Amino acid sequence: MDPAWILGALIIIPLVGGLACWGSEYVNPHLPRWIGLTTMTIVLALGLYLWFTGDFSFTILGPDHRWGLELDVPWIPRFGISFHLGLDGLSLLLTVLSGFIGIVSVACSWSEMHRKVGFYYMNLMWNFAGIIGVFLAIDLFLFFFFWELMLVPMFFLIALWGHDEPGQARTYAAMKFFIYTQASGLLMFVAILALVFIHHRATGVFTFDYNKLLGTPMSATAAMLIMLGFFGAFMVKLPTMPFHVWLPDAHGQAPTAGSVILAGLMLKTAAYGLIRFCVSMFPEAAAHFAPIAMWLGVAGILWGAAMSFSQHNMKRLVAYMSVSHMGFIMMGVFAGTAIALQGVMITMLSHGVSSSALFIITGQIYERMHTRDFRQMSGLWTRMPGLPPVALFFAMASLGLPGMGNFVGEFLILLGTLKVSVPIAVVASLGLITAICYSLIYMQRAYYGPAPDKRRFPGLNRREIATMASLIAVLLWLGIHPNNFLHTSAATMTAVSQNYAHAQEGTTFNGVASR
């Protein structure tokens, strides 16, 4: 098989697997789980194959101006729309992460889902198809198509399998998620159309091709407005304060796998979009907007941490922790240095793993205690063997303990930001202190202190041990050998940084020259 066709297979396999999950429920109610697990294992295997055999020294912004791997099939030629997929180091790592999180999501749903199991796994698989499509699509119409595709299954996951049994809270959370993300998606679609029409006016050619739209001549005002259209869509999905309010509700009601996908992958689609579109396609506009974006990131770091302190629901606390960590990503992207962008990549991967683990642990506690309220969990260290030490590991990872991926990513972001703006880096570093506080609060409220009763709960079973062990191994790999990942994304991040640096010439941050 031509390796380029593997790009199409990475999207088609989850779609077909999802349909197979839905149909197999009528044959055997346990069969959808195995089909889902097999589907995501194949996706991960294909991603790893591309990683081990591909050459990712190429990037569309580099001197050779090409993707490491590319598939282009005509779709709607009249309007310049094609099924155009491309892979570089940035999209490869996020695709591999998608396959890994996919296996983890199926595993954590194994004993949680007992009704409409086939339809549940179909939505799970289709969600992954949309997410992988976002990471691979380099036709902007196709990108928007996948952007919308991944929202619909998540809506059903929250609305149909949410935690609130009467259904009112989960329906509210699902609608809130859908309205926020759809409104932001509409803003992005308007920005895409504006870019396409401006390109048509300049060249006489209708196209949605990313490669051809790069460098479209336009006024500074038009570039800023279109860039802000993309930015608005991505800041809602990331999410950035003050457009983060949908996230805690969505996490609070989503099933465990839904929260894993939201935190582990869907937020990363926004970070990917900021790099691929805002900074790469409109470097001059992004450079002028950078101070505002970076301060928004700092505000998100501190606000997410502050809101974490007051939460009694374990899921909502972990959700606000994610808001805080996403602030580092926003800041690092618009810092634009190669070091900061590489830190963004490691943070995306490590946060995807650590936040997924914390949500899975919350689900495991809920299966045993039927509550996510900290006020009913005190003293679990002696009442639930095996799970509290695992929770301590991921809490330490979340606060940025050296030796784990979160530390590497946030350290690189702060180091790269320091070269751009000392005040922003100094204020953002307070996030490292607040991370210690909310991670210790998480441990103290749930696992330490006097136990409210003498009940004991089952420890981790073999499936849960295997799931946690794989997450621990990946997080340590990211922390101890980050070069395995940094080398893969180096060409892309260096090219983005150089392009951004050229646009920043003469731009200052808080009165301090950016270069």
At 1.4 Å probe size, what's the solvent-accessible area of W5? Round to the nearest 10 Å².
140 Å²
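Which entries of K116/K315; K237/K315; K176/K212; K176/K315; K176/K454; K116/K176 show an alpha-carbon separation above 29 angstrom in the structure shown?
K176/K212; K176/K454
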Got a sec? Charge dipole of the chain, +1 on Cβ for Lys and Arg, -1 for Asp and Glu; which of Y366, G300, T95 is way out at the positive end?
Y366
Alpha-carbon Rg/Rh ratio, for the chain, with Rh computed the Kirkwood way
0.96
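Report in % the part of the accessible area of the chain that belongs to carbon and sulfur, leaving out ligands and nucleic acids; probe 1.4 Å.
69 percent
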To the nearest Å², the heavy-atom accessible area per residue of the stretch 80-151 with 1.4 Å probe amounts to 17 Å²
Assign unit charges at the C-beta atoms only (+1 for Lys and Arg, -1 for Asp and Glu), then state the dipole size of the stretch 110-170 relative to its Cα centre in Debye, rounded to the nearest 20.
140 debye
Could you tell me whether the stretch 25-98 comes out rounded, prolate or oblate from its Cα gyration tensor? Rule is a ≥ b ≥ c as square roots of the eigenvalues, rounded for a/c under 1.5, then prolate if a/b exceeds b/c, otherwise oblate.
oblate
With a Cα-only, solvent-free Debye model of the stretch 400-515, what are the log10 I(q)/I(0) values at q = 0.13, 0.17, 0.19 Å⁻¹?
-0.78, -1.07, -1.18
With DNA, RNA and ligands ignored, accessible area of E367 (1.4 Å probe; Å², nearest 10)
70 Å²
With every protein chain kept in place and a 1.4 Å probe, the stretch 184-248 has an accessible area per residue in Å² of 39 Å²
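Protein chains only, probe 1.4 Å: how do C108, C437 rank by accessible area, largest first? Don't skip to the end; give the middle numbers.
Numbers: C108 10, C437 60 Å².
Solvent-accessible surface, decreasing: C437, C108.
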In cubic angstrom per residue, the convex hull of the stretch 131-198 built on its Cα atoms measures 64 Å³
Heavy-atom accessible area ranking, 1.4 Å probe, most first, across R78, R455, R383:
R78, R455, R383
Do the sum for the chain: with -39,500 (n - 2.57) for every DSSP H run of n ≥ 4, divided by all residues, what is the mean residue ellipticity at 222 nm, to the nearest 500 deg cm²/dmol?
-23000 deg cm²/dmol
Quick one: accessible area per residue over the stretch 263-358, 1.4 Å probe, rounded to a whole number of Å²?
15 Å²
Probe 1.4 Å, all chains present, heavy atoms only: V134 accessible area in Å², nearest 10, is 0 Å²
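If DNA, RNA and ligands are ignored and the probe is 1.4 Å, what is the ranking of K116, K454, K268, K176 by accessible area, most exposed first?
K454, K116, K176, K268
The values are calculated or read from the model by the stated rules, or taken from the named source; none is laboratory data. Predicted, not measured: the structure shown is a model, and the values here were computed from it. Because the Cβ atoms are built from the backbone with ideal geometry, glycine has one as well, and the counts that use them run over all protein chains shown. The accessibility values were calculated without ligands, DNA or RNA, using every heavy atom of the protein model including side chains. Shrake-Rupley method; radii C 1.70, N 1.55, O 1.52, S 1.80 Å.
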